[in-house]
1. Mind pulling the angle between the C-alpha long axis of helix 52-67 and the longest principal axis of the chain? Nearest 10 degrees, somewhere in 0 to 90.
2. Pop out the ³J(HN,Hα) list for the stretch 71-79 in order, Karplus 6.51 cos²θ - 1.76 cosθ + 1.60 with θ = phi - 60°, rounded to Hz; leave Gly and Pro as x.
3. Provide the FRET efficiency to the nearest 0.05 for the GLU83-THR15 pair, computing r from the beta carbons and using R0 = 35 Å.
4. For the stretch 20-35, take each phi angle, set θ = phi - 60°, evaluate the Karplus expression 6.51 cos²θ - 1.76 cosθ + 1.60, and give the result in whole Hz per residue in order, putting x for glycine and proline.
5. Taking only pairs that are 8 or more places apart or on different chains, how many Lys pairs in the chain have Cα atoms under 23 angstrom apart?
6. Pop a pseudo-label 7 angstrom from the Cα along the beta-carbon direction at both ASN29 and GLN4 and give the gap in nm to one decimal.
7. Which value in deg cm²/dmol, rounded to the nearest 500, describes the helix-derived mean residue ellipticity at 222 nm for the chain, given -39,500 (n - 2.57) per DSSP H run of n ≥ 4 and division by the residue count?
Amino acid sequence: MTKQAVGILETKGLTALVQGTDAILKAANVELTGPMKGVGSALVSSIVTGDVAAVKAGIEAGAEAAGEFGEVVSAHVIARPHEDTETILPGAKPAAKRAKK
C-alpha cells in the first residue's frame with residue numbers, strides 16, 4: 001500500500017457525511033480515495049488515505065463535524081494497513097500479483 005494510513009468515516013445520513021468529509025479534507029493533508037459509498041439503511045461512508053498523523057487528525061475533525069449534523073456510526077483509522085487492503089478500497093486499482101515462493 002502506498003499510503004501509511006486509511007481512515008473511514010461512516011454516518012447515518014448523507015448531510016452528516018458531506019459535512020464530516022469536508023472537515024476531514026480541510027483539517028488535514030489527506031486524499032479521498034473515491035466516491036462516497038452507501039450500504040443501505042441510510043449508512044454512508046467516505047475513506048481517506050495519507051500520513052498516519054494527518055489521517056488521525058482528519059478523522060477526528062470529521063467525526064466531530066458530522067456529529068453536529070447527524071449520527072456518526074463509526075470513525076476509524078487503520079495505521080500501516082497490509083498492502084492487500086488497498087484492493088477493497090473504492091477507486092483502487094487491482095494490485096499486481098505477487099510471485100509465489
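1. In the chain, helix 52-67 runs at an angle near 30 degrees to the longest axis.
2. For the stretch 71-79, the Karplus-derived couplings read 9, 8, 7, 7, 9, 9, 10, 10, 7 Hz, x marking Gly and Pro.
3. On the way: r = 35 Å, r/R0 = 0.99.
The computed FRET efficiency comes out at 0.50.
4. Whole-Hz 3J(HN,Hα) from phi for the stretch 20-35: x, 5, 4, 5, 4, 5, 7, 7, 8, 7, 10, 10, 6, 7, x, x.
5. Lysine pair count for the chain: 12.
6. Going from the ASN29 label point to the GLN4 one covers 1.1 nm.
7. Working: 2 runs with 30 residues, N = 101.
It comes out at -9500 deg cm²/dmol, rounded to the nearest 500.
Read-outs: derived from the displayed coordinates by stated rules, not from any lab. Note that this is a predicted model, so its numbers are computed, not measured. With ideal geometry, Cβ positions are generated from the backbone for all residues, glycine too; neighbour counts draw on all protein chains shown.
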